[in-house]
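The values are calculated or read from the model by the stated rules, or taken from the named source; none is laboratory data. Remember, it's a predicted structure, so these values are computed and weren't measured experimentally. Cβ atoms come from the backbone with ideal geometry, glycine included; neighbour counts cover every protein chain shown. The accessibility values were calculated without ligands, DNA or RNA, using every heavy atom of the protein model including side chains. Shrake-Rupley method; radii C 1.70, N 1.55, O 1.52, S 1.80 Å.
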Amino acid sequence: MAIKLSGAEIYDPAHKINGERKDLYIVDEKIKTNLSDKDKLEKTYELDDCIIMAGAIDIHTHIGGGKVNIARTMMIEDAHLHPYSSSEICRAGNGHIVPSSFTTGYRYAEMGYTACFEPAVLAVNARQAHMEMADTPMVDKGGYVLLGNDDFLLNMIHEGATQSAINDYVAWILHASQCIGIKVVNAGGIHAFKFNQRRLDVDETGPTGSKPRDIITKLSKAVHELGIAHPLHVHASNLGVPGNFESTLATISAADGLPIHITHIQFHSYGTEGDHKFSSAACAIAEAINNNKNVTADVGQIMFGQTITTSGDTMMQYFGHDHASPKKWTVMDIECEAGCGVTPFKYRDKSFVNALQWAIGLEIFLQVNDPWRVFLTTDHPNGAPFSSYPHLIKLLMDRSFRNDVFSIVNSDAQRVSNLKSMDREYSLYEIAIMTRAAPAKILGLKNHGHLGEGANANITVYRKQDDIEQMFAKPAYVFKNGELIVKDGEIVKTVQGVTHVTKPEYDQAIEKPLTKYFDDYQTISLDNFKISDDEMVECIGSEIEIN
Amino acid sequence: MQFQSVTCPHCGLLCDDLSVEVSELTVQLNNPLDPTCKHAFEEASLAKGYRPNPLIAGKPASEEQALEKAAELLKTAQLPLISGLIADVQTCREALALAEKLGGVIDHANGASMRKSTSVMQRIGEVKTTLSEVRNRADCVVIFGKNVTDKFPRLLQRVLSPEKSLGNESTKSKKIFIIDISQDGVTRCEQKENITYMFLNYPLLESIIYRFQEIITKEKISNHDIESEELLKLFKIISSSQYTTFIWTTSEFKSESVEHTVQALTEIIKLLMKKIRCVALSLSGSKAEVTANHVATWQTGVSLPVSFTQGVPIHDPVIYDGTKMIHNQETDCLLWISTYNPNDAPPATDIPTIVLGHPKIQCEYADVYLPVGVPGIDHRGLACRTDSVATLPLQKLRDSKLSTASKLVKNIYKLI
């Protein structure tokens, strides 16, 4: 049985299709560009007033794991303000800033997203992260597992382990945690914080004798040599610190030209100029991205209002805890692996720093030339909840709207930013690149993010409107694997996505030192640390798809 | 048949280094030889060929009949309550779905004590750590309450006295202090092996903690009594340590002051954190409350108790406290889920009660009893550890043919 999507403007950058009107077909779960004789047409959608893109993919959104549950618990105010009742097909839930798991899935689908990736999975907490994501319906999921503050790797580096042994460990942890990528958060810094070190720059030596630079170099090499599609996903050193753009540039250089993804780069693009000793270094950062083809970045745009910051970066979350609003904060050291910090925060448009942070994010978006290498994120919920994406898209696509918003923020911030002088407006084609085609490419998801023959039928249909924010907030139709799941921005059918993983080959001899490490130092056995494929299905509740 | 790396779900530590011998339906813990743990495992043993019957009003019934009766009782209730919730992740998931469908309330048997810590977290936050961090990083450990190590029997061996440590000699041979009140009114500090027992002449453990907070805040003492001198000494030891861990369990505190006491401890830690590393390890989870609370929080966005009486998940720990609802007869139908231990029966009550329980649970008085398998013995499952970070797998060790609680809850859901 086939479905015809007739007459819409198609935006499919993977195939260089930029707004051409053409028909698309859905046959079972897949996209077809033409029907064969045996395909029986079941339904036709006349979409002359619509545009079509592939289902959107969020490459960096905190939707599962211990820190998210801490945030939910701490932000009881958010739950009280935003309760959602159940319907015949949807489960009840709570929360706008850190929604409950079911609610998260529904809200993403209602915006036309069909896949979301949790960027900070602690291997020891991976079961919980996957369980939460298994209870997040509608979208496919995946996780990046944290390395770079774990004692096992730091000791390997300190003891001069071969790159090949490090590669084996990296591959092993991907299998053990059922993840698709490797994430580093403040390389060595979370570990150093456990020794009461309050700051660690890229070329400083941490307590085990290794430098963050060494960690980035070894891990980016491991990811590259193992053939993992997603580059090393790096939360750089010194998040939020004025002058940190230099650490960011040093982190980029640590990859030695190999692929590296710098996440929520807005938080790492600060200078120290001006009366406030806080300035935009977006220009220098954008230039570094433009000049280094191995670098990709997501922005981590902030939006004004209440949110909560959740991060693995205990060191920098503690550094910023005085700014908590409301005044409460949690930090946690975790299992000789990593940590987490959770702090509510209210971004204020009349605050110089917050207004400039807002401008810096947009400056990066507008100054990075290649939309295939810059990604649309708010580092949900750290910069803002993911539900602000349609607003962000409007800020990127509509210069006059952007300038209108900027004109009401802190006047000092307006004075020192050159945002108003930036003429660029993103096109629909570029939005389709940064939210669909490029995320799929950077994650190695061959059947996602495009509308070509044989792709998974994850399709978002928007009815054209003058108000681009409204258009992106409420798609006319969303199809997931060929099934209509959203109509006019509302859920009409609930579905369960898969968990995307990658499983590079490795030498299993790495389990010998790992077994000893677990026996000697850990409080969980190696056997119980690893998550098997059948456990993912039987106990955790999600099918896996190996990429 | 021998099983290795078995997880013990009988306290929040979830030790997973157990060796268990299973012969038909008999379960024998070989190692470690911890009596509490051993007894808990042996309780799961069943006589050969034994399969407990579902009961309706104390009389044997088929599982199908018992499920139908359970569904009928729940469906006709005005305000059903699901409690106990001493279960694995999957059962908690199904129970939440059922509570939502019923428009009822769901809570854990230990909910009331658990949420006192939660409310402190919601007010000021926390500074926490996990078992392996304590094992490898801590050189100084302060335990508040002399019974903590009895309630978590392998804490000393598995966490506080490791044979090896990633740190140095001081993290291997930790300075351990156990603080409590003196029973005879005489302050005494005694060293036994590597543990210093500080029994101080205060009326309550809480009084010690508040006094300690005062000393740490002022960094000096105003009264030069022996108790204050000892606490000042301890403060100085903490100040010169690399990584101090405060350990407590709220059941050691007076129930009416738990919230205040946990807040005082958290404030002490946050104050110390300005200069040094100090963290909390609050122990709980002996009845799987960490598991239940985690699942509720991610599925509904709020912690237990959760009421669905108004169609949306509402967290109001005063109105919807499960224990109080049973005591005050504010619920007209109780579904009690208790899978790990035969002793965790529902409180005696006149309220119509359905029990999904351990095969040896004593609940003849229940209107409906459905025996269920023990997670980690009769079927696979998942359980969350006291530190809220590690989730441990529970193995299937025998083939008892007992239904899983999750399956039965799901079946009740389908009948409603």
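Worth a mention:
- Qualifying residue in the stretch A:313-325 (condition: away from chain B (no Cβ under 14 Å) and over 14 Å from A:Lys67 (Cα atoms)): yes
- Of the candidates B:Leu81, B:Leu85, B:Leu14, the single residue that is touching a Lys or Arg at 6+ places or on another chain (Cβ under 6 Å) and closer than 27 Å to B:Gly285 by Cβ is B:Leu14.
- Single match in B:Leu382, B:Leu394 (criterion: in contact (Cβ under 8 Å) with a residue 12 or more places away in the chain and either touching a Cys at 6+ places or on another chain (Cβ under 6 Å) or more than 30 Å from A:Gly93 (Cβ to Cβ) (or both)): B:Leu382
- A Cβ distance below 6 Å, combined with a sequence gap of six or more or placement on separate chains, defines the contacts here; from the stretch B:291-303, residues that are assigned by TED's automatic domain parsing to the domain that holds B:Val389 reach residues that are of a type in the set (S, T, N, Q) and open to solvent by 10 Å² or more (accessible area, probe 1.4 Å) in the pairs B:Thr297/A:Thr73; B:Ser303/A:Thr73; B:Ser303/B:Thr118; B:Ser303/B:Asn293.
- If you filter the stretch A:524-547 down to residues that are in a loop (DSSP other than H, G, I, E, B) and free of Cβ contacts under 8 Å to residues at least 12 places away in the same chain, you find that the one that is surrounded by the fewest Cβ atoms within 10 Å (Cβ to Cβ) is A:Ser532.
- Flag if A:Gln306 is of a type in the set (S, T, N, Q), within 14 Å of another protein chain (Cβ to nearest Cβ) and either touching a residue at least 12 places away in the same chain (Cβ under 8 Å) or open to solvent by 20 Å² or more (accessible area, probe 1.4 Å) (or both): no
- Selected residue (only one of B:Asp150, B:Asp180 is at pLDDT below 95 and closer than 20 Å to B:Thr250 by Cβ): B:Asp150
- Residue list for the stretch A:461-510, restricted to those being in a helix (DSSP H, G or I) and crowded, with 17+ Cβ neighbours inside 10 Å: A:Ile468, A:Glu469, A:Met471, A:Phe472, A:Ala473, A:Ile510
- For the criterion of being touching a Pro at 6+ places or on another chain (Cβ under 6 Å) and either more than 10 Å from every other protein chain (Cβ to nearest Cβ) or assigned to a strand (DSSP E or B) (or both), B:Pro359 passes.
- Filter result for B:Leu397 (in a strand (DSSP E or B) and either under 29 Å from B:Thr118 (Cα atoms) or among the aliphatic types (A, V, I, L, M) (or both)): no
- When residues of the stretch B:119-138 are limited to those that are more than 7 Å from chain A (Cβ to nearest Cβ) and touching a strand residue (DSSP E or B) at 6+ places or on another chain (Cβ under 9 Å), the one surrounded by the most Cβ atoms within 10 Å (Cβ to Cβ): B:Ala138
- For A:Ile308: the one exception among (1) outside any loop (DSSP other than H, G, I, E, B); (2) more than 30 Å from A:Glu77 (Cα to Cα): (2)
- Any hit, the stretch A:340-358, residues being in contact with a Ser or Thr (Cβ under 8 Å, 6 or more places away or on another chain), away from chain B (no Cβ under 14 Å), assigned to a helix (DSSP H, G or I) and not aromatic (Phe, Trp, Tyr): yes
- Restricting attention to the stretch B:235-259, the residues that are crowded, with 16+ Cβ neighbours inside 10 Å and not hydrophobic (A, V, I, L, M, F, W, C) total 11.
To keep it simple, each residue is scored yes or no on (1) closer than 22 Å to A:Lys441 by Cβ; (2) in contact with a strand residue (DSSP E or B) (Cβ under 7 Å, 6 or more places away or on another chain).
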| residue | (1), (2) |
| --- | --- |
| A:Tyr169 | no, no |
| A:Leu174 | yes, yes |
| A:Ile182 | yes, yes |
| A:Asp201 | no, no |
| A:Glu225 | yes, no |
| A:Gly271 | no, yes |
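- Residue in the stretch B:311-329 that is within 13 Å of another protein chain (Cβ to nearest Cβ), in a helix (DSSP H, G or I), in contact (Cβ under 8 Å) with a residue 12 or more places away in the chain and among the aliphatic types (A, V, I, L, M) present: no
- The set of residues in the stretch A:78-106 that are in contact with a helix residue (DSSP H, G or I) (Cβ under 6 Å, 6 or more places away or on another chain) and of a type in the set (D, E, K, R) contains only A:Arg91.
- The listed residues are A:Ile51, A:Ile26, A:Ile59, A:Ile3, and the only one of them that is more than 28 Å from A:His230 (Cα to Cα) and touching a helix residue (DSSP H, G or I) at 6+ places or on another chain (Cβ under 8 Å) turns out to be A:Ile51.
- Considering residues of the stretch B:277-287 that are over 21 Å from B:Ala87 (Cβ atoms) and either among the hydrophobic types (A, V, I, L, M, F, W, C) or surrounded by fewer than 20 Cβ atoms within 10 Å (Cβ to Cβ) (or both) only, the residue nearest to the other protein chains (Cβ to nearest Cβ): B:Val279
- In the stretch B:288-310, the residues that are more than 12 Å from chain A (Cβ to nearest Cβ) and assigned to a helix (DSSP H, G or I): B:Glu289, B:Ala292
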